[in-house]
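Notes follow the structure.
No value in this document is a laboratory result; all are computed from the given coordinates. Model, not experiment: these values are computed from the prediction. So basically every Cβ, Gly included, is an ideal-geometry build from the backbone, and we count neighbours across all protein chains shown.
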Amino acid sequence: MKKAILAAFLFSLTGWLVVSLGPRDKGQTVALAAAPGAKAESIARGGLLYDTWWKVVPGANEPKDNQPLWASQTTNKRKGSITWRCKECHGWDYAGKDGAYGSGSHKTGFAGVWNAAQKKSADELAAILRGSANPQHNFSSVLRPEDIADLANFLKGGLVDTMKYVDYKSKKPIGGDVERGKAQYAICGACHGPDGKKLNFGSDKDPEYVGTIAKANPQEFIHKIR
């Protein structure tokens, strides 16, 4: 739960996602428009659930079988628990087939959640998570009502359009300001180190750091850093 507490703290601390844009946009920020009545902590926790819910839900077991909807696609060959992750179907950019997961080994052909989140209320999104639109999309057997509420609040109030900030072809930030980003990173460096290599998320043989994630999958980096 330490990650959830930290994420909630970061959301509560500012209520804003600061984006390192070009010189003309140095004062620009991206608001985290909370769903009506939703607390920042709920949105933050929902973002963790979107990633790997069984690491967040108390007492949850990691699924072994494929998620029921997985059989309706044949392009993504992954199996087991990864098929239950929201991000595996809808992408780190929330755009599904219209985003970064529109091609490559992660391709499923499933729609993203971005459009639905813009049009539907948090209650309607929660109903979809309970299978109202498709019984095979019913997560109430593994998520508690409060978990579904947090996930719905994240979908309604925690998404950001990464296509505005990442060049998908080059995987580089659009209009990024390196010096401003360096100043922002000073906070992160307290844990990750000044060179970003103090915490290794991979192995000694195949190390992975904040920098390697940012370069290889900027959409994932944006989701997790927020």
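Inter-label distance, N66 to Q136: 0.9 nm, where each label sits 7 Å from its Cα along the C-beta direction. Of the residues T162, C188, I174, the one whose Cα sits farthest towards the positive end of the charge dipole of the stretch 139-203 is I174 (charges of +1 on Lys and Arg Cβ, -1 on Asp and Glu Cβ, taken about the Cα centre). As a rough guide to protection, the peptides 40-46, 131-137 ranked by mean Cβ packing within 10 Å, highest first, stand as 40-46, 131-137. Backbone amide hydrogens, once placed in the peptide plane, bring S132 within less than 5 Å of nothing, excluding anything fewer than 5 places away on its chain. What shape does the stretch 103-144 have by the C-alpha gyration tensor, where a ≥ b ≥ c are the square roots of the eigenvalues, rounded means a/c under 1.5, and otherwise prolate means a/b greater than b/c and oblate the rest? Because a/c hits 1.5 or more and a/b fails to exceed b/c, the stretch 103-144 counts as oblate.
Backbone geometry of the stretch 42-59 corresponds, through the Karplus equation with coefficients 6.51, -1.76 and 1.60 at θ = phi - 60°, to 3J(HN,Hα) couplings of 5, 5, 4, 5, x, x, 6, 5, 4, 7, 9, 5, 6, 8, 10, 6, x, x Hz, x marking Gly and Pro. Estimated from the Cβ-Cβ distance and a Förster radius of 30 angstrom, the FRET efficiency linking K197 and T75 is about 0.30.
3J(HN,Hα) along the stretch 160-171: 9, 7, 5, 5, 7, 10, 10, 7, 5, 6, 8, 6 Hz, from the Karplus curve 6.51 cos²θ - 1.76 cosθ + 1.60 with θ = phi - 60°, whole Hz, x for Gly and Pro.
Taking the charge dipole of the stretch 47-190 about its Cα centre, with +1 at Lys and Arg Cβ atoms and -1 at Asp and Glu Cβ atoms, the residue from Q118, I82, T52 reaching farthest to the positive side is I82. When each of the peptides 120-128, 196-204 is scored by the mean number of other C-beta atoms lying within 10 Å of its residues, the order from highest to lowest reads 120-128, 196-204.
How would the stretch 54-189 be classified by its alpha-carbon gyration tensor: rounded, prolate or oblate, with rounded meaning a/c under 1.5 and the a/b versus b/c comparison settling the rest? Since a/c reaches 1.5 and a/b is larger than b/c, the shape of the stretch 54-189 is classed as prolate. Packing order of peptides 149-155, 170-176, highest average first: 149-155, 170-176 (average count of other Cβ atoms within 10 Å over each peptide's residues). Using Cβ point charges alone (K and R +1, D and E -1), the dipole size of the stretch 151-226 about the Cα centre works out to roughly 140 debye.
Given +1 at the Cβ of Lys and Arg, -1 at the Cβ of Asp and Glu and no other charges, the dipole of the stretch 73-226 around its Cα centre is 340 debye to the nearest 20.
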